[in-house]
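The values are calculated or read from the model by the stated rules, or taken from the named source; none is laboratory data. What you are looking at is a predicted structure, and each value in this text was computed from that prediction instead of being measured. Neighbour counts run over all protein chains shown; Cβ positions are idealised from the backbone, glycine included. To get the accessible areas, we keep the full protein, side chains included, count just its heavy atoms, and leave off ligands, DNA and RNA. Shrake-Rupley method; radii C 1.70, N 1.55, O 1.52, S 1.80 Å.
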Amino acid sequence: MSLNYLALQFNTLDTLEDNLEFIEGIMDFVYHKKLSFFLINGNPFKNGSISDEDIEQISDFLSAISDYNNCTIITAQMYNKRYQLFIQKPYEELEIVTTYSFKLTGEKKIIINSNPENNKNILNIFINPYFEIINQNNLINLENYLYLTPPSLGKTKIKLGDKTWIGGNSEGYLYFSW
């Protein structure tokens with residue numbers, strides 16, 4: 001069974017509220033796609049680090065749109081002077097971690113911001129901020145990966161077996177099933 005994914009790359013706006021409103025608008029726009037995973041490039045909430053005060057607002061926001069859309073939201077943000085993943089599953093608490101993995105149906109698995117594994121049943125995901133956390137050249141031989149960057153880096157790329165999609169340096173999203 002294939003699941004639906006959307007990878008969003010956009011330039012961070014001026015305020016936290018503007019960024020949350022933009023993300024919500026995109027989610028509303030793609031609601032009919034019945035997403036399983038909504039992936040957002042790094043530092044989508046603020047350029048730089050977010051504060052403890054921002055976490056409550058971000059958590060409430062992600063929880064609401066994750067629950068409403070029955071979709072897991074994955075992004076990463078500078079927080080507590082470290083680049084960390086934000087994982088919001090429907091009807092669960094926000095998880096803030098450095099790496100993550102999901103066991104999917106059958107033998108499929110997703111690993112995020114971790115050591116890459118070359119296996120046809122594994123989707124390696126790397127969510128980058130305005131710098132690369134892993135050199136994209138190290139991923140060329142992998143069977144499946146999503147390398148998600150902000151438009152300013154212009155290096156977003158999805159490779160699933162023999163199919164490849166490239167995001168480029170403009171804002172937008174890439175939709176795929178795996």
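Remarks
- Residues of segment 89-127 that are in contact with a helix residue (DSSP H, G or I) (Cβ under 9 Å, 6 or more places away or on another chain) and among the polar types (S, T, N, Q): N124 alone.
- For segment 57-70, the set of residues classified as out of contact with any Pro (no Cβ under 6 Å at 6 or more places or on another chain), open to solvent by less than 50 Å² (accessible area, probe 1.4 Å) and not aliphatic (A, V, I, L, M) consists of S59, F61, S63, N69, listed by residue number.
- Residue within segment 29-47 that is modelled with pLDDT under 95, farther than 19 Å from L148 by Cα, touching a Ser or Thr at 6+ places or on another chain (Cβ under 7 Å) and open to solvent by 50 Å² or more (accessible area, probe 1.4 Å) present: no
- Some residue of segment 83-100 being farther than 14 Å from A7 by Cα, part of a strand (DSSP E or B), modelled with pLDDT under 95 and not aromatic (F, W, Y): no
- Filter result for N137 (more than 16 Å from the chain's Cα centre (by Cα) and closer than 25 Å to N169 by Cα): yes
- Out of Y91, Y100, sole residue that is open to solvent by 50 Å² or more (accessible area, probe 1.4 Å) and more than 17 Å from T156 (Cβ to Cβ): Y91
- Residues of segment 147-178 that turn out to be part of a loop (DSSP other than H, G, I, E, B) and open to solvent by less than 40 Å² (accessible area, probe 1.4 Å), as a count: 6
- Counted residues, segment 103-146 - those being open to solvent by less than 60 Å² (accessible area, probe 1.4 Å) and not in a strand (DSSP E or B): 12
- Looking only at segment 9-28, and only at residues there that are part of a loop (DSSP other than H, G, I, E, B) and not aromatic (F, W, Y), the one that is most open to solvent (accessible area, probe 1.4 Å): D14
- Qualifying residue in segment 71-78 (condition: of a type in the set (V, I, T), outside any strand (DSSP E or B) and open to solvent by less than 30 Å² (accessible area, probe 1.4 Å)): no
- The residue pairs whose first member lies in segment 113-141 and is closer than 29 Å to G48 by Cβ, whose second member is in a helix (DSSP H, G or I) and modelled with pLDDT of 85 or more, and whose beta carbons are closer than 8 Å, counting only pairs six or more residues apart or on different chains, are P116/N138; P116/L139; N124/L139; F126/L139.
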